[in-house]
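Have a look at the structure below, then the notes.
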Amino acid sequence: MSEAATALALEDVVAGYGPVTILHEVSLVLGPGEVVVVLGANGAGKTTLFRAIAGLLAPRSGHIRLYGEAIEGRTAHAVTRAGIGHVPSGRELFPRLTVADHLDLGGRLCLPARRAELKERMFGLFPVLHERRQQRAGTLSGGEQQMVAIARALMTDPRVLLLDEPSTGLAPKIVISVFEILPLLKAQGVSVLLAEQSLTLGLSAADRAYVLDHGRIVLSGSASELANDRRVVDTYLGR
Ligand SMILES: Nc1ncnc2c1ncn2[C@@H]1O[C@H](COP(=O)(O)OP(=O)(O)OP(=O)(O)O)[C@@H](O)[C@H]1O
Ligand SMILES: [Mg+2]
């Protein structure tokens with residue numbers, strides 16, 4: 001994939017906590033409008049990877065480029081401004097704030113007119129959030145909470161969306177309804193990097209996949225290639 005055709009590119013990213021290295025020379029690419037899943041077991045390093053991209057954890061070395069522009073080492077705020085939206089693992093909502101409050105928080109970097117426009121777009125994408133706009137996030141169902149977390153990130157009008165394990169704690173049927181927004185984002189040219197433990201769910205939602213094992217990319221390919229590759233299940237996810 002040429003640099004111009006790449007939405008997000010990671011090159012040899014090394015990151016960790018204190019003296020502990022978690023990510024070992026991770027390289028991956030995400031094309032415009034592409035949905036790519038990072039598959040990996042518990043503790044493989046998916047969340048660490050997403051936090052490094054989002055500017056919440058500074059990589060020790062390597063490069064992260066958004067449409068060719070180097071963003072590694074920037075603050076989370078600057079990464080958001082550059083065009084990366086982050087839906088964190090565990091959603092991280094404020095239970096006492098309403099749905100509308102969360103959308104306003106997500107859109108705080110925009111001018112008020114733009115914020116109102118984006119909010120309408122979110123209510124179009126997630127009609128249930130419009131119905132429940134005055135409801136406190138803590139009283140929503142798990143699926144609705146995940147929609148709020150996604151909508152809050154989309155309120156930054158990102159070019160790339162990082163979606164960290166949206167399926168956690170949700171019934172498969174609800175996960176499928178959350179994943180239904182992916183083709184809509186794709187149609188708007190938003191690229192999505194998804195983290196997922198479940199092979200079936202991850203591959204059903206993505207165009208391509210990378211398998212992360214102990215902080216290293218050990219396999220990659222199209223979703224259909226990996227769905228038929230026994231090594232994925234046997235070696236890396238079958239622990
Ligand atoms: N703040 C931290 N300080 C020290 N170690 C951490 C910290 N956060 C995560 N780790 C370690 O980094 C490794 C990777 O964790 P990470 O959360 O990135 O995995 P993951 O692939 O997202 O797992 P899961 O699917 O369970 O969410 C684990 O060994 C974890 O214990
Ligand atoms: Mg995680």
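Considering the zone a paramagnetic label at ARG96 would reach in this model (a point 7 Å from Cα along the Cα-to-Cβ line), which residues of segment 138-159 have amide N under 13 Å from it? Counting backbone N atoms under 13 Å from the label point, the list is 138. Its Cα centre serving as origin, segment 18-145 has a Cβ charge dipole (Lys and Arg +1, Asp and Glu -1) of approximately 300 debye. Residues THR139, THR6 in ascending order of nearby Cβ atoms (within 10 Å, fewest first): THR139, THR6. Each Cα pair under 8 Å and six or more residues apart adds its separation to the average, and for the chain the resulting relative contact order is 28 percent. Neighbour counts of C-beta atoms inside 10 Å place LYS186, LYS119 in the sequence LYS186, LYS119, starting with the fewest. Given R0 = 22 Å, the distance between the Cβ atoms of GLN188 and THR75 translates into a calculated FRET efficiency of 0.25.
Sequence-ordered 3J(HN,Hα) estimates for segment 47-64 from the Karplus curve with 6.51, -1.76 and 1.60 and θ = phi - 60° stand at 5, 4, 4, 5, 5, 5, 5, 6, x, 8, 8, 6, x, 6, 7, x, 10, 10 Hz, glycine and proline given as x. Based on the alpha-carbon gyration tensor of the chain and its eigenvalue square roots a ≥ b ≥ c, which shape applies: rounded if a/c is under 1.5, prolate if not and a/b is larger than b/c, or oblate? Cα axes put the chain in the prolate bin.
For segment 84-172, the gyration tensor built on C-alpha atoms gives an oblate shape. Its axis ratio a/c (a ≥ b ≥ c) is at least 1.5, and a/b is not larger than b/c. How many angstrom separate the Cα center of segment 127-146 from the Cα center of segment 1-68? Computed from Cα coordinates, the inter-centre distance equals 31 Å. Ordering GLY215, PHE123, HIS24 by the projection of their Cα atoms onto the charge dipole of the chain, which places +1 on the Cβ of Lys and Arg and -1 on the Cβ of Asp and Glu, puts PHE123 at the extreme positive end.
This model, with +1 at the C-beta of Lys and Arg and -1 at the C-beta of Asp and Glu, gives the chain a dipole about its Cα centre of some 640 debye. Cβ-Cβ distance of ALA171 and ARG216, R₀ of 35 Å, FRET efficiency by 1/(1 + (r/R0)^6): the value works out to about 0.65.
Here HIS24, HIS102 are placed in order of increasing Cβ neighbour count within 10 Å, fewest first, which gives HIS24, HIS102.
Distances between placed amide hydrogens fall under 5 Å for LEU8 paired with LEU30, TYR67, all partners being 5 or more residues away or on another chain. Pull out a ≥ b ≥ c, the square roots of the eigenvalues of the alpha-carbon gyration tensor of segment 19-91, then state rounded if a/c is under 1.5, prolate if not and a/b is larger than b/c, and oblate in the remaining case. Rounded is the answer for segment 19-91, as its axis ratio a/c remains below 1.5.
Computed from the coordinates by the stated procedures, all read-outs in this text should not be read as laboratory data. Computed from a predicted structure; not experimentally measured. Heads up, the Cβs are rebuilt from the backbone with ideal geometry, glycines too, and the neighbour counts pull from every protein chain shown.
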